[in-house]
1. Taking the Cα centre of the stretch 478-587 as the origin, how large is its charge dipole in debye, to the nearest 20, when only Lys and Arg (+1) and Asp and Glu (-1) carry charge on their Cβ atoms?
2. Using the basic label-point model (7 angstrom from Cα toward the beta carbon), what is the Ala581 to Leu235 distance in nanometres?
3. Holding the Cα-Cα limit at 19 Å, pick out from Lys496/Lys517; Lys508/Lys537; Lys343/Lys600 the pairs that are longer than that.
4. Given all pairs of different Cα atoms, what value in angstroms does the Kirkwood hydrodynamic radius of the stretch 458-607 take?
5. What is the gain in length, in nm to one decimal, between Asp203 and Glu4 on full extension, counting 0.36 nm per residue of separation less the C-alpha to C-alpha distance?
6. Just grab the label-to-label distance for Lys517 and Asp408, each label 7 Å out from Cα along the Cβ direction, in nm (one decimal).
7. At q = 0.16, 0.17 Å⁻¹, what base-10 log of I(q)/I(0) does the Debye formula yield for the stretch 437-506 when every alpha carbon is treated as an equal point scatterer in vacuo?
8. How big is the Rg/Rh ratio for the stretch 299-361, C-alpha atoms only, Rh by Kirkwood, two decimals?
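The values are calculated or read from the model by the stated rules, or taken from the named source; none is laboratory data. Since we're looking at a predicted model, the values are computed, not measured. Please note: Cβ atoms are built from the backbone with ideal geometry, for glycine as well, and neighbour counts cover all protein chains shown. Note: areas computed on protein heavy atoms with side chains; ligands, DNA, RNA excluded. Shrake-Rupley method; radii C 1.70, N 1.55, O 1.52, S 1.80 Å.
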Amino acid sequence: MSKEEIKAQFDSVVEQLNGELSTLPESVSLLVNLLIATFNMLFELTASQTDNLKVSIDSLKQTIEQQTQTIEQQTQTIENLTKSNQELLENQGQKNQQILQFQELIKSLRTLLHSKNVDLDALRRLVFQGGREQKEQPAPQETTEKPQSKRKNSKTRERQSNKTKLDCCDIERTDFLDVNGNVLGASTREEATAKVPQQIERDGKKYVFKGWKECSDSRVITYTTKVKVTKYVPLYEEIREHESAPDAEAERIAEQDSANRNTPAATIVGLNPEKDFLPKTVVGFDFMSEMIESRMMNRIPMNRIAQDVSDSLGFSITRQQLARYFIFASDWIEPAYQYLISKVLDNKVIHLDETFIHCQAEKNNRQYMIVFTSATGCFYHYANTRSQTVPFAILHNHFDGRNWVDNDGNDIVISTDGWYDVEWLKDDKENFYAVLVGCMVHLRRYFWEVYDVHENHRKADSEDYKISEQIINLLKFIFHRDKECKTSEERTKIRKEGEVREKFDEIKKLVDECYKKMQKCKNPSEVYTAKFIKAVKYAYNQWEKFTRIMEDGDIPLDNSDAERSIRDFAVLRHSTASGFASVEGAKSTAVFSSFHETCKKHGVHLGEYLAYLFRYIGLHREKLTDPGIQPEERNAILEKAMPWNFKKV
């Protein structure tokens, strides 16, 4: 019986009861009405539950049908995979049979080779299987197509996509950036959303946060642990004027500006500093800084770095590709390099030295790397000549017509070895741009070579040995006494007068006596050794430069600062036995070596600093490349990127 029939019977009973209620007592009629109302309520509740139950049954039926279809699809997939596995097993069995046949063939050939009498017919039957000789293949027709090269750096080699390269990474990481490109340090979208501002204002317009946008390129940050990083930047949409106005005002603005409402709202996408860094590659800031650190600090050759990267990441990278990456990275931080040059040359004392290198792209056999060092830092400059005009041009361009003075108004002092002459510092009016001083360590080195030779051969009675010993002891006293001074005023005082000045004058007297004696001799080599003659001539010719050192306590006695810096580059040069392949490669090495030496001077780790510098330049690249930027604003941006403002190790 359906619920409609039950309801109809109940209604008929209620009609009968209503006709007889007048004859019943009032208490009984009230009870009957209460029962009728209770039955109606229960009936409606049961009907609603029945409807809900039917809906649930229908949804379960649909779910069962969908799961049945999914099971059928999976069953079909399993059958296809089983069929593919059977085909693979059959192919493998055929290959195993062929391998067995080849092994039997090799065994038979070895037997024939070791036998004294070789049956040619048996050999023919064995090779051509059944005695049927293979027909000669027709000669291939000549084609004009060139054979494809199989070299690693060939244009025809098989290239891997960036997606394929990133598949080999062991760890995947997600970084969320704010609108200015800074890392938020959040691991989930919800956490990152809570850290970014929900509204921003640009050029007088307000924008509201709409979500996160994935950057198109993912990068590898290190080749030791193979970490893949995917970056997300925030997306902001402009707030329309009618959206932020009250209801009545919004309707009026919407009617007046209906045309603008139909146009899409303006959007702002957060800055990704790695967007333009080595595009179409998987190399990021941290990855690049790690490779540069291996090259600069550990002196690892480029081909070994390329091989280590290829072995670690699982995809091929050549030395030529790595060199191009280095050149691009040096161009990326070129503004910071130029600012470093200006800061190094703004000091009172500048140390200057050079060393030779070889560049395959140049015609000459030798090129040179010139180094400038000061209390602020160090920078290298590539030149294809050793001419003294090269460092002069660098200094002349820096001061650009101004007086050669430091920030405190003191004259610039240039400390060099004996190669550079004071004449190149003269202007048209015979005035000197700067003060040129020598290196007293070089002076000691020349006389030490004479003293050390005689000491080893026990010729203590020779005159050149005695004079060399005296000069070395006098220089030892000067260096020791100068090191004891704590202030430049104290050093200036003892240099101008006192024991240090007396020892300095004694050296001058010994040098002059030996030089006059050499001038009187027709053949000085009969009196002195060749090394002693060289030492005396060096001291006599450079004595004017040594005298300038005694006038100022701020001037160091030696040029060891530049010597130490150029020594590290000489060690790096030995790891490039064949020289640099291009001028751009040599210049890029000069850039990275400059920051390496400056980081050492300020106790900063090179790899961490370069990763910071790459990212900092990427964040401010738009301003730094703006031709209308003011020099003060540009210098303020670059000052924060210098090693002396970076956190020390």
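1. Working: 24 positive and 21 negative charges, 111 e Å.
Roughly 540 debye, rounded to the nearest 20.
2. 4.1 nm
3. Going by Cα-Cα distance, Lys496/Lys517 fall outside the 19 Å limit.
4. Here the Kirkwood hydrodynamic radius works out to 19.0 Å.
5. Here the segment from Asp203 to Glu4 would lengthen by 64.5 nm.
6. 4.3 nm
7. Log10 of I(q)/I(0), two decimals: -0.61, -0.67.
8. 1.13
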